[in-house]
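Q: I'd like to ask some things about the structure below.
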Amino acid sequence: MNKYFYRFIEYRQLTTILFILLIIVSTQKLVSTNAPKFFTSSNSSISEEKELFTAYLEIPNGSSAAYISKILKEERLIDNALTFEIYIRNEGYSDRLRSGNYEIVSNLSYEAIVNILLIGPPLKTFEITTTEGLWLSETIDSIAIQTGYDYLSLVNTLTSGNVDSPYLTEEEELILSNWEGLLFPDTYRYFIDADGAEIFQTMANQLKTISTKIQSTFTIPLWSTSEYELFIIASLVEAEAKIKEDRPLVASVIRNRLEIGMPLQIDSTVLYSLGERKSQVLLADLQLDSLYNTYKYLELPPTPISSFGEESLMSVYQDLDTNFIYYLLTDKNGDMTFTKSYEEFLELKYKAKKDGVIP
């Protein structure tokens, strides 16, 4: 009996093992059969998620959060317009998203899209502003700072022959000092890829435009030898006059001195020849042998001494008729006093020094 009992037990154990093996094999077949389907489905989903594209869209000025969300949904940049709208409202961004034309890549998070719309569209243009009264070296330095272009590269561009001016010959264009006063100071807008030559050419063209505009109202004064000479005088007016009303009077003093053969004795021309900005010209400075030293030489400097604005140039064209020979800063607010008397000039100078108006 024991013999048959043990055989029964062995048979049951073998049957159990075979049954377990059968289940394992069946399961493997099932997994093997369905695995490609699961893999294909998963792979397809990943492929769809990684499909990248760039959307070109415009956010009109004054667009609401709902309208912006609608645009983004239409461009397939977001999956749900309402969800995005709720997100930007909850974050307090609904009134801060900026209008404009955008290029936005797909598959960005809501946060990334909002950051783009908060910053605004990339600039397609940029502005450069140069002010009146700057020396050419200062103007170029200002442009270098505003654009990131190297100063020496800009100098080379200006003197390369790729920039021209109707007031210079081809030979003169190659000498930097001859460009003094011929780049009109203003605010200019350029496309983002504008180079130095385009920047300078626009400024040179603007001087011609402004000069032509003034000549539509005024004629070139008879005592002047050329249009370029008026630019030189305008630069002196720009350097000397502090307020608009005094500009024509300063121009008249310069004209009167030239007509009687009297030295202009303008401190700003001496400072220009020194290449130094300072509040007071010393006696030693007046000994400098330079054609720009109007204490030493009777005539106008050979070039303008700075950039000048439209008001200064117009003041020369106005050709105000006065008998003034002297002028002096007599008030800290910039007012000048004009006179034909040297004695009165000395009295004014004494008082201005006493009042701390001039050093």
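Q: Among I88, I260, I116, what is the fewest-to-most ranking by other Cβ atoms within 10 Å?
A: Ordered from fewest to most neighbouring Cβ atoms within 10 Å, I88, I260, I116 come out as I260, I116, I88.
Q: Sort the stretch 68-180 into rounded, prolate or oblate with this rule: let a ≥ b ≥ c be the square roots of the eigenvalues of the Cα gyration tensor; rounded if a/c is under 1.5, and if a/c is not under 1.5, prolate when a/b is larger than b/c, oblate otherwise.
A: prolate
Q: Follow-up. Out of Q206, Q146, Q287, any idea which swings most in a Gaussian network model of the chain, alpha carbons joined below 10 Å?
A: Highest fluctuation of the listed residues: Q287.
Q: Output needed for the chain: three equivalent-ellipsoid semi-axes, defined as square roots of 5 times the C-alpha gyration tensor eigenvalues, in descending order, whole Å.
A: Listed largest to smallest, the semi-axes of the chain are 84, 22, 21 Å.
Q: Taking the C-alpha atoms of the stretch 271-314, how large are the radius of gyration and the largest Cα-Cα span, Dmax, in Å?
A: Just the Cα atoms of the stretch 271-314 yield Rg and Dmax of 12.0, 35 Å.
Q: When the helices in the chain are scored as -39500 (n - 2.57) per DSSP H run of 4 or longer and the sum is shared across all residues, what 222 nm value do you end up with, to the nearest 500 deg cm²/dmol?
A: -16000 deg cm²/dmol
Q: I want the local charge near Q201. Using Cβ-Cβ distances under 14 Å, sum +1 for each Lys or Arg and -1 for each Asp or Glu among the other residues.
A: Neighbour charge sum, excluding Q201 itself: -4.
Q: Compute the signed sum of charges (Lys and Arg +1, Asp and Glu -1) over the other residues within less than 9 Å, Cβ to Cβ, of L117.
A: Spelling it out: positives minus negatives among the neighbours equals +2.
Q: Please build a GNM for the chain, connecting alpha carbons under 10 Å apart, and tell me which residue among I113, I210, I243 fluctuates the most.
A: Checking each option, the largest mean-square fluctuation is seen for I113.
Q: Need one word for the stretch 182-281: rounded, prolate or oblate. Basis is the Cα gyration tensor (sqrt eigenvalues a ≥ b ≥ c); a/c below 1.5 gives rounded, then a/b vs b/c decides.
A: Values: a/c = 2.33, a/b = 1.41, b/c = 1.65.
Oblate, since a/c reaches 1.5 and b/c is not below a/b.
Q: Please list, in chain and number order, the residues 5+ apart from I266 or on another chain whose amide H is under 5 Å from its amide H, with Hs placed from the backbone.
A: Distant-sequence amide H within range of I266: T294, Y295.
Q: Not counting the cut sites, what is the longest span of the chain without GluC sites (Glu not before Pro) that DSSP labels loop and that have at most 10 other Cβ atoms within 10 Å?
A: 52-169
Q: Per residue and in Å³, how big is the convex hull formed by the alpha-carbon atoms of the stretch 223-323?
A: Enclosed volume per residue, from the Cα hull, is 99 Å³.
Q: If you put +1 on each Lys and Arg Cβ and -1 on each Asp and Glu Cβ, how big is the dipole of the chain around its Cα centre, in Debye rounded to 20?
A: 2740
Q: Going by how many other Cβ atoms sit within 10 Å of their own, how do I143, I233 line up, fewest first?
A: I143, I233
Q: For the chain, modelled as a GNM with alpha-carbon contacts under 10 angstrom, which of L136, L328, L52 fluctuates the most?
A: The residue with the greatest mean-square fluctuation here is L52.
Q: Hey, another quick one. List the pairs from K242/K353; K244/K332; K70/K124; K242/K332; K278/K332; K296/K353 whose alpha-carbon separation is above 20 Å, in the order I gave them.
A: Result: K70/K124; K296/K353 exceed 20 Å.
Q: To continue, here is another question. Please give the Cα centre distance for the stretch 246-310 versus the stretch 313-359, rounded to the nearest Å.
A: 15
Q: Over the stretch 313-359, what portion of Cα pair distances is larger than 14 Å, expressed as a whole percent?
A: Percent of Cα pairs beyond 14 Å in the stretch 313-359: 56.
Q: Give me M203, M336 ranked fewest to most by other Cβ atoms within 10 Å of their Cβ, as a rough exposure proxy.
A: M336, M203
Q: Could you give the dipole magnitude of the stretch 223-323 about its Cα centre, charging the beta-carbon of Lys and Arg +1 and that of Asp and Glu -1, in debye to the nearest 20?
A: Working: 8 positive and 16 negative charges, 54 e Å.
Using Cβ point charges on Lys, Arg, Asp and Glu, the stretch 223-323 gives about 260 debye.
Q: Using only the alpha-carbon atoms, what does the stretch 124-216 span along each of its principal axes? Please give whole angstrom values in decreasing order.
A: That gives 34, 29, 23 Å along the principal axes, largest extent first.
Q: Expressed as a rounded percentage, what relative contact order does the chain have, with Cα pairs under 8 Å and six or more residues apart?
A: Rounded, it is 13 percent for the chain.
Q: For the stretch 54-119, what is the convex hull (Cα atoms) projected area averaged across all directions, in square nanometres?
A: Computing the convex hull of the Cα atoms and averaging its projections yields 3.6 nm².
We did not get these values from a lab; they are worked out from the coordinates using the rules stated. For clarity, every value in this text was computed on a predicted model and none was experimentally measured. FYI the Cβ positions are ideal-geometry reconstructions off the backbone, even for glycines, and counts take in every protein chain you see.
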